[in-house]
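Since every read-out is calculated from the coordinates, none of them should be taken as a lab result. Because the structure is a prediction, the values reported are computed rather than measured. Cβ placement follows ideal geometry from the backbone for every residue including glycine, while neighbour counts extend to all protein chains displayed.
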Amino acid sequence: MINASLKELGAALAQKRISSVELTTLFLDRIEKLNPALNAFVSVGRDQALRQAAAADRKVGAGGTAPLLGIPLAHKDIFCTAGRPTTCGSKMLANFVSPYDAHVVERLDAAGMVLLGKCNMDEFAMGSSNETSFFGPVKNPWNPACVPGGSSGGSAAAVAARLAPAATGTDTGGSIRQPAALCGLTGLKPTYGVVSRYGMIAFASSLDQGGPMAKSAEDCALLLNAMAGFDARDSTSLERPAEDYCGDLDKPLAGLRIGLPKEFFGAGMDAGVRAAVEAAIAEYRKLGATTVEVSLPNSGLSVPAYYVIAPAEASSNLSRFDGVRYGHRAAEYGDLNDMYEKSRAEGFGAEVKRRILIGAYVLSHGYYDAYYLKAQKIRRLIAADFREAFKACDVVMGPTAPSVAFAFGAKSADPVQMYLSDIYTIAVNLAGLPGLSIPCGFDKELPVGLQIVGPWFGEARMLNVAHRYQQATDWHVRMPEEMK
Amino acid sequence: MSLSLDDVSRIARLARIEISPAETEQTRDQLNHILAFVEQLQAVDTTGIEPMAHAVDVVQRLRPDAVTEADRRDAFQAIAPETEAGLYLVPRVVE
C-alpha cells in the first residue's frame, strides 16, 4: 500500500478495499516510526488527520467519488494552514498558527485529501540542502549522511521514505525539482501563475510557484488538476480555462522533438549524472522522439541574475516580519527601531539575513540601476533564449542538478557553491516556464534527476513525456531499502 | 565594488537587522563574496533591453472599490505579540 500510486489508492478507497482512516493510520504510524531519524516533518496532526479521514470515509459511504478523496498528503510548511502551525522553517514563525488556509490547502482539502502534517524546509525556502531550517536538517532517505536537497527537502524525504503518498512543494529557483532529483521523486514546478500563491509565504514573488511532489508523473497530474486554477486573491494568478492534466498522459511520443541545450551538457556535471541523463535520452529515442541541439547562450548568467532579483524581492517581502502583528518579538528592546532590529536579528537565521542584506543593498539608492535593473534586463535575455529554443523543439531536457545528493556540510560554508547547485533550474524560474524532474537512474547509489522543461503552459505535454518514460522504465518505483 | 564595514552597518540599518560589531566583519566578507559573484552581470551588453519584472506579461487586474474582506480583527490579533483594546502595541514613538 505504501508504494501504491494515487490512482490505485483512489480506486482502493472508492471500492472500500481500505478506508481512509486505515490508510491515514498506516502513514501516521510510519511517520511516528521513521520521522525521528529523518526530520522530514515539523509538525504532525494525528487527530485532525483522522477526523478528515473519517469525514472522507463518510463521503465514500454516501456514494461520493473524487479522484483524491481520502488520500493522505503532506504540505510544505510554507503553506498556511488554519489552526495548525506554519513555521516556514524559521524561528521567526516557530509559534505561528495561521488564521487562514492557503489556496492550495483549500483546494486539496476540497478534493477530499487528508493532511498528515507539515514538512520541514530551508528557512523561508532559502537553501538547496535543508541545512538552513531552524528545526534542523532533513536526512536523505537514500543515505542519511546526505542532504535531501532544498528548499522542499522535507516534502521530498517524506514521499521518498513513503511517509506520505504525495506532498506539496514550492519552487523559486529549483526548490521542487532539485530535492525531487536528490530523493528520486517526480516534482513539477508549473508555469508561473498557474497555481495561486495566496497563503504561500512569499520569498521572491515574481518567481515563487507551488507544485506537486510525488512518485510519478501520473500522480503529479492528478494533484495539479486539484491545485491549479484562478484565484482572485493572488494578483498574478492567471485566468485560463481549466485543463485536465491527465488527459494526454498516454499519448505516444512518436514525433516528439527534444531540445538538448549545449550549455547544460558542458563541464560541471558529474560523470555519473551525465551517464544517467544520456541513457534516459537514449530511451526517449527508442520511444520515438528525436533530439536536436539547442542553445541557451545566456543561461550561464541565470544564477548571478537570480541572486540579485530573488534577494531584492525577499528583502521587500520579509520586511513584514517586524515583531508587531505576528511572529517573533525580542524580549528586551529600547525604541521601535531597536525592537525591529532585535526581533529580526533573533528571528532570522544566517542565510535569510544574508539574502535580506544583499537585497537591501541592490535596491538602495545609487545601486538600483547597476544591480537590480541590470539583472532584470538579463532576465529578459534568458527568457528570450528559451523562446528561441522552443521554435526547434517541444521540450528541453537536461540534468536537474549537477550532482547527486551531497554530504551535510559539503557546501554550507560557501554560499556561492550552494547557489550553484541550482545552476540548471534557476533559468526556468526567471523565464516563468514549467519544469519537471523525474528519476532516471543512480550514481553512487543515489538517485539522478532528469529535468524536462516545457514552453509556457506546456505542463500536460511534459507530464505525458514523463509518464511514457515511466511506463517504459522503473526508476520511479524504486524506494530506499532502509525505509521498507 | 567592495563593501566596507560602514557600508555593512548602513545596509543592516536599512534592513532593520541588528548586527553585532563582532559579526560585521564576517558579514562584510560574505556579502562581498556574493557581490563579486554577481559582478559578472556588469560585463553583459544590455543596451536597448527592457527590464523584465515579471514572468508572464499580464495587465494588473482591477476590481470595484468595495470592501471584500470580512472583519477578522480578533483572529488576526490573537497571534500578535502584544495588543490592547484592539490595537497593536509598540514602543512609544511620539513623546
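Some points to look at:
- Residue identified as closer than 30 Å to residue A:369 by Cα and either more than 14 Å from every other protein chain (Cβ to nearest Cβ) or out of contact with any helix residue (DSSP H, G or I) (no Cβ under 8 Å at 6 or more places or on another chain) (or both) among A:296, A:256: A:296
- Residue in the range A:448-468 that is assigned to a helix (DSSP H, G or I) and more than 15 Å from residue A:224 (Cβ to Cβ) present: yes
- Residue within the range A:259-279 that is touching a helix residue (DSSP H, G or I) at 6+ places or on another chain (Cβ under 6 Å) and either free of Cβ contacts under 8 Å to residues at least 24 places away in the same chain or more than 30 Å from residue A:199 (Cα to Cα) (or both) present: yes
- Comparison of A:370, A:345, A:330 shows that the only residue that is assigned to a loop (DSSP other than H, G, I, E, B) and farther than 13 Å from residue B:11 by Cα is A:330.
Residue-wise test of (1) at the interface with chain A (Cβ under 9 Å from one of its Cβ atoms); (2) in contact with a Pro (Cβ under 7 Å, 6 or more places away or on another chain); (3) touching a residue at least 40 places away in the same chain (Cβ under 8 Å); (4) surrounded by 12 or more Cβ atoms within 10 Å (Cβ to Cβ).
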| position | (1), (2), (3), (4) |
| --- | --- |
| B:11 | yes, no, no, yes |
| B:42 | yes, no, no, yes |
| B:53 | yes, no, no, yes |
| B:82 | yes, no, no, yes |
| B:87 | no, no, no, no |
| B:92 | yes, no, no, no |
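- Failed item, numbered, when residue A:291 is tested on (1) touching a Lys or Arg at 6+ places or on another chain (Cβ under 8 Å); (2) in a helix (DSSP H, G or I); (3) surrounded by 16 or more Cβ atoms within 10 Å (Cβ to Cβ): (2)
- Helices (runs of 4 or more DSSP H) wholly inside chain B containing at least 1 residues that are within 21 Å of residue A:305 (Cα to Cα): B:5-14, B:21-38
- Among the criteria (1) within 14 Å of another protein chain (Cβ to nearest Cβ); (2) free of Cβ contacts under 8 Å to residues at least 12 places away in the same chain; (3) farther than 13 Å from residue A:103 by Cβ, the one residue A:207 does not fulfil is (2).
- Matching strands (runs of 3 or more DSSP E) fully within the range A:148-235 where at least 3 residues are under 26 Å from residue A:472 (Cα atoms): A:186-189, A:209-214
- For the range A:317-327, a residue qualifies if it is more than 9 Å from every other protein chain (Cβ to nearest Cβ) and in a loop (DSSP other than H, G, I, E, B), and exactly one does: A:321.
- The range A:114-160, residues that are under 29 Å from residue A:25 (Cβ atoms) and of a type in the set (Ser, Thr, Tyr): A:133, A:152, A:155
- Considered as a group, the residues in the range A:402-431 that are assigned to a loop (DSSP other than H, G, I, E, B) and under 28 Å from residue B:53 (Cβ atoms) include one that is farthest from the other protein chains (Cβ to nearest Cβ), and that residue is A:424.
- Each residue in the range A:200-227 was checked for being small (Gly, Ala, Ser) and more than 27 Å from residue A:376 (Cα to Cα), and 5 of them qualify.
- Only one of the listed residues (B:61, B:72) is in contact with a Ser or Thr (Cβ under 9 Å, 6 or more places away or on another chain) and either exposed (fewer than 10 other Cβ atoms within 10 Å of the Cβ) or closer than 30 Å to residue A:194 by Cβ (or both). That residue is B:61.
- In this entry, residue A:359 passes the filter for residues that are buried (at least 24 other Cβ atoms within 10 Å of the Cβ), within 19 Å of residue A:308 (Cα to Cα) and not hydroxyl-bearing (Ser, Thr, Tyr).
- Residue within the range A:222-237 that is within 14 Å of chain B (Cβ to nearest Cβ), free of Cβ contacts under 8 Å to residues at least 60 places away in the same chain and either buried (at least 23 other Cβ atoms within 10 Å of the Cβ) or β-branched (Val, Ile, Thr) (or both) present: yes
- Residues in the range B:55-80 that are of a type in the set (Gly, Ala, Ser) and more than 10 Å from chain A (Cβ to nearest Cβ): 2 in all.
- Output for the range A:183-241, where each listed residue is under 14 Å from the mean Cα position of the chain (by Cα) and among the aromatic types (Phe, Trp, Tyr): A:192, A:203
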